[in-house]
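Input: one structure, supplied below.
We did not get these values from a lab; they are worked out from the coordinates using the rules stated. Computed from a predicted structure; not experimentally measured. Cβ: placed from backbone, ideal geometry, glycine included. Neighbour counts: every protein chain shown.
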Amino acid sequence: MKDYPIQPVAFTKVQITDTFWKSRIEIKRTVTIPHAFQKCAETGRFDNFAIAGGLKTGEQQGIYPFDDTDLYKTLEGASYSLMVYPDKKLEAYLDSLIHLVALAPEDDGYLYIARTNKAERLKNWMGDNRWEKIRGSHELYNLGHLYEAAVAHYQATGKRNLLDSAIKSANLIDYTFGDGKLALPPGHQVIEMGLVKLYRVTGDVRCLNLAKFFLDVRGKPLKGRELWGEYNQDYQPVVEQEEAVGHEVRASYMYAGMADVAALTGDVRYTKAIDKLWEKVVGKKIIPKILKLKFLIFRINVGPPPASPKFQKAEFGGEKAGFSPPFSLFENGGDTAGVKTS
């Protein structure tokens, strides 16, 4: 099995001992993770899975079809915590939640709670049939976070209870999507990263191939498909994209998936593409904003330097304008929060 050319250090081999990060990790373990699970319970996330699994009756709670991922993400974070701080009580609690997840899929492995629970008020998100409104349904997005959680839990505990559910789901996705099958990209990226993680744990090359397929099909009007535009990074093939545009979370997940595929397949097209994107993001979006912010802080704390004779003329405006930068500190070019830009 081909793996990353540079091997990451196993999470369980790393110990944080400094007072700054260790204290914050402890807060995550003792406060943040329990609070996240508590909110999942209070808002019906757990009940939704119980309804899908036939353990209780009732209506789907929540207003979004991607609420499933709150459970998956918290399971993932709790699993990382178990790697560093073994906790039998937390491990048993995760097993009880994973039991809910394992009962929820339909017979062929399809896992999308809103549809299984027939949440009519969410029909505008998901349509009447599977994958019908994949642009906004988050069907594949949800699964990406499931796969990441499953891998984290398996690595932390060695247990396959969540991993087996993820593998069954991935088998269905491989059966449904691909060349000669359904050729659509996810509306919201992240399944690419999840599939790569499944590949690295299982060695099943279908997962890697499917991750690459979901990247390659984006930005291509196959069979007359109307492209979704910049918001979804679906305006040209990913290896031809040079500007970071659209929804930032979608884009970041996609770029990470591209890096994974580049590392695992050796496809230099992906390497060149993400290098260009990196240069544009850092050079055109991050560094200029940092420089503007630094200058703003200087002006707030120090004020403008004394007027110099060489700046007395209308070089940058006003006969006695003093020093003024040849660019605006703010996007709107005007005064903001009472701080003058000139």
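With each label point set 7 Å from Cα along the Cα-Cβ vector, what nm distance links A92 and Q38?
Placing both labels 7 Å along Cα→Cβ, they lie 2.1 nm apart.
With the Cα gyration tensor of the chain giving a ≥ b ≥ c as the square roots of its eigenvalues, does the rule (a/c under 1.5 for rounded; else a/b larger than b/c for prolate; else oblate) give rounded, prolate or oblate?
It comes out prolate by the Cα gyration axes.
Please compute the net charge surrounding K223, taking Lys and Arg as +1 and Asp and Glu as -1 over other residues with Cβ under 13 Å from its Cβ.
Its environment carries a net charge of +1.
Rank V31, L122, P65 by how far each Cα sits towards the positive end of the charge dipole of the chain (+1 on Lys, Arg Cβ; -1 on Asp, Glu Cβ) and give me just the farthest.
In the chain, that residue is V31.
Another question about this same structure. In straight Cα distance, which aspartates and glutamates are under 15 Å from K289, not counting same-chain residues fewer than 8 positions off?
E279, E331
Right, something else. What is the magnitude of the charge dipole of the chain about its Cα centre, with +1 placed on the Cβ of each Lys and Arg, -1 on the Cβ of each Asp and Glu, and no other charges, expressed in debye to the nearest 20?
960
Report, ordered by chain and residue number, the lysines lying within cross-link reach of K285, taken as a straight Cα distance under 21 Å and ignoring same-chain residues fewer than 8 apart.
K272, K276, K294
Here's a follow-up. Could you give the size of the charge dipole of segment 1-49 about its Cα centre, using +1 on the Cβ of each K and R and -1 on the Cβ of each D and E, expressed in debye and rounded to the nearest 20?
Approximately 100 debye in magnitude.
Among V302, Y253, I286, whose Cα lies farthest out toward the positive end of the dipole of segment 211-308, if unit charges sit on the beta carbon of Lys, Arg (+1) and Asp, Glu (-1)?
Going by the Cα projections, it comes out as V302.
Add +1 for every Lys or Arg and -1 for every Asp or Glu among the other residues with Cβ under 12 Å from the Cβ of L94, and state the total.
Charge balance in the 12 Å sphere: -1.
Name the shape class, rounded, prolate or oblate, that the alpha-carbon gyration tensor gives for segment 228-293, where a ≥ b ≥ c are the square roots of its eigenvalues, rounded holds for a/c under 1.5, and otherwise prolate holds if a/b is larger than b/c and oblate otherwise.
It is oblate, given that a/c is not under 1.5 and a/b is not larger than b/c.
Continuing with this model, one more query. Would you tally the net charge around A251, using a Cβ to Cβ cut-off of less than 14 Å, leaving A251 out, and scoring K and R as +1, D and E as -1?
That sum, taken over residues with Cβ under 14 Å, equals -1.
Ok, one more. How much length would be gained if the chain were fully extended between V84 and Y175, taking 0.36 nm per residue of separation minus their Cα-Cα distance, in nm to one decimal?
Contour length minus Cα-Cα distance gives 29.1 nm.
Could I ask something else about it? What is the order of I33, I6, fewest Cβ neighbours within 10 Å to most?
I6, I33
Identify all lysines with a Cα-Cα distance to K181 below 20 Å; exclude those on the same chain that are fewer than 8 residues away in sequence.
Cross-link targets: K133, K168, K212, K220, K223.
Can you list the residues of segment 128-150 with backbone N under 19 Å from a point 7 Å past the Cα of I63, pointing along Cα to Cβ?
Answer for this model: 136-138.
At a 10 angstrom cut-off on C-beta neighbours, averaged per residue, how do the peptides 115-128, 97-110 rank from highest to lowest?
Top of the packing list down: 97-110, 115-128.
Okay, next question. Quote the FRET efficiency, to the nearest 0.05, computed for E242 versus W131 with a Förster distance R0 of 35 Å and r equal to the Cβ-Cβ distance.
0.70
Show me 74-81, 189-196 ranked by packing, highest mean number of other Cβ atoms within 10 Å first.
In descending order of packing, they fall as 189-196, 74-81.
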